[in-house]
Amino acid sequence: MTALIDGKARAAEIDRKVAALAATYGPPTLAVVLVGDDPASAVYVANKVRRCGEVGITSIERRLPADASEQDVVATVAALNADDAVDGILVQMPLPSHIDANRVIGTIDPGKDVDGLTAVNAGRLLLGRPYLVACTPQGIVDLARGAATLEGANAVVIGRSILVGKPVGLLLQAENATVTMAHSRTRDLPGLCRGADVVVAAIGRAHFVRGDWIKSGATVIDVGINRVPAPERGEGRTRLVGDVAFDEAGHAGAITPVPGGVGPMTIAYLLVNTLTAAAARRGLAPPSI
Ligand code: NAP
């Protein structure tokens, strides 16, 4: 029987721990910078603000128009860096195409970089001294840890992006898994996956990983979020699916659903990172979640 890995329940558990600690620290503050009026970004920001409110983290929003210059965004970040009341800074991606996202990220104070995207925080992870680590990768490894023994496990990570695949590979190595990083040039990906105790799929292609790629009893973490047509729901309707052909994976030991798997964990670890940054800025020990 395949166990369904419940990301919503685990995220709620983390939120409760964050809320208890936030109350003892005095409310941490997260600043969210949103540039332009992309509706999806607005929804993501609204969800983050709501979850902050639920756990006692104060959130402040800095909204800039779509035609704001890179200098405007950098100046906004600089003001938040200098603001002693702000513990964490998040710049919602994507930024409008005339703004260099890497340049903006590079200006965030690494001590307030709750997305874990600055070179300093990525470097700390590589050096084995992680501090603020990217949120989705932390959520992925948290769910994998809860479902499988990672020590000594053969793990295949499909996808090598800076945002997901690469940090997941480093975090799994830190758990003493034996990690193979796969990507679009990998030979015999199905064969590679068949030898894996843990498969992390972070590709961005609906149902790309087939059931017969998955070893019986393996743990499968599906990171993909893909919108596909759902005519059964009515004309023009769509639904979200993962990178794994979920219906073919009934022999997996455990699998994350999409939605309801990795998705809720990303905000949970944003809250954890905000707490971590707040603890450091208050001279307190890092929170243990
Ligand atoms: P990305 O930057 O586009 O990276 C995709 C990776 O998949 C690349 O490394 C690419 O290989 C690899 N790939 C593409 N085609 C492949 C193929 N045919 N065979 C093997 N590997 C292939 O995407 P991302 O930002 O990592 O995101 C991946 C997915 O996770 C997306 O669906 C995204 O929406 C989702 N996501 C979910 C969350 C969440 O909170 N649940 C958060 C972030 C991302 P190359 O490097 O060789 O091009």
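The values are calculated or read from the model by the stated rules, or taken from the named source; none is laboratory data. Small disclaimer: the values here were computed from a predicted structure and weren't measured. Cβ coordinates were reconstructed from backbone atoms using ideal geometry, including for glycine residues, and neighbour counts include every protein chain displayed. These accessible areas exclude ligands, DNA and RNA; they are computed on the full protein's heavy atoms, side chains included. Shrake-Rupley method; radii C 1.70, N 1.55, O 1.52, S 1.80 Å.
Whether any residue in segment 222-234 is within 23 Å of residue 165 (Cβ to Cβ), charged (D, E, K, R) and within 25 Å of the chain's Cα centre (by Cα) is what I want to check.
Kept after step one, since they are within 23 Å of residue 165 (Cβ to Cβ), are these residues of segment 222-234: 222-228.
Next, from what is left, pick out any that are charged (D, E, K, R): 222, 227.
Then drop every residue that is not within 25 Å of the chain's Cα centre (by Cα), which leaves 222, 227.
Checked against the condition, which is being within 23 Å of residue 165 (Cβ to Cβ), charged (D, E, K, R) and within 25 Å of the chain's Cα centre (by Cα), segment 222-234 yields at least one hit.
Select from segment 123-138 the residues that are surrounded by 24 or more Cβ atoms within 10 Å (Cβ to Cβ) and away from the ligand (no atom under 16 Å from the Cβ) and list them in ascending order.
132
Does any residue of segment 236-244 turn out to be open to solvent by 20 Å² or more (accessible area, probe 1.4 Å), within 30 Å of residue 131 (Cα to Cα) and near the ligand (Cβ under 9 Å from one of its atoms)? Can you show your working first?
So the first thing to find is which residues in segment 236-244 are open to solvent by 20 Å² or more (accessible area, probe 1.4 Å), and the list is 236-240.
Checking which are within 30 Å of residue 131 (Cα to Cα) leaves us with none.
There is no residue in segment 236-244 that is open to solvent by 20 Å² or more (accessible area, probe 1.4 Å), within 30 Å of residue 131 (Cα to Cα) and near the ligand (Cβ under 9 Å from one of its atoms).
Does residue 180 qualify as being closer than 26 Å to residue 135 by Cβ, among the hydroxyl-bearing types (Ser, Thr, Tyr), open to solvent by 20 Å² or more (accessible area, probe 1.4 Å) and within 15 Å of the ligand (Cβ to nearest atom)?
Numbers: closer than 26 Å to residue 135 by Cβ: yes; among the hydroxyl-bearing types (Ser, Thr, Tyr): yes; open to solvent by 20 Å² or more (accessible area, probe 1.4 Å): yes; within 15 Å of the ligand (Cβ to nearest atom): yes.
Judged against the criteria, residue 180 is a match.
Look at segment 37-70 and say how many of its residues are open to solvent by less than 20 Å² (accessible area, probe 1.4 Å) and in a loop (DSSP other than H, G, I, E, B).
The first filter runs over segment 37-70 and keeps only residues open to solvent by less than 20 Å² (accessible area, probe 1.4 Å), leaving 41, 45, 52, 55, 57, 68.
Now narrow it down to the ones that are in a loop (DSSP other than H, G, I, E, B): 57, 68.
Going through segment 37-70 one residue at a time, the tally reaches 2.
When you scan segment 187-194, do you find a residue that is at pLDDT 95 or above, more than 12 Å from the ligand (Cβ to nearest atom) and surrounded by 15 or more Cβ atoms within 10 Å (Cβ to Cβ), even just one? I'd like the intermediate steps shown before the answer.
Step one: filter segment 187-194 for residues at pLDDT 95 or above, giving 187-194.
Cutting the leftovers down to more than 12 Å from the ligand (Cβ to nearest atom) gives us 191, 194.
This time we only want the ones that are surrounded by 15 or more Cβ atoms within 10 Å (Cβ to Cβ), so: 194.
Yes: one or more hits.
Quick one: what pairs do we get from segment 253-271, first residue within 10 Å of the ligand (Cβ to nearest atom), second modelled with pLDDT under 95 and in a loop (DSSP other than H, G, I, E, B), C-beta under 9 Å, 6+ apart or different chains?
Filtered contacts from segment 253-271: 269/289.
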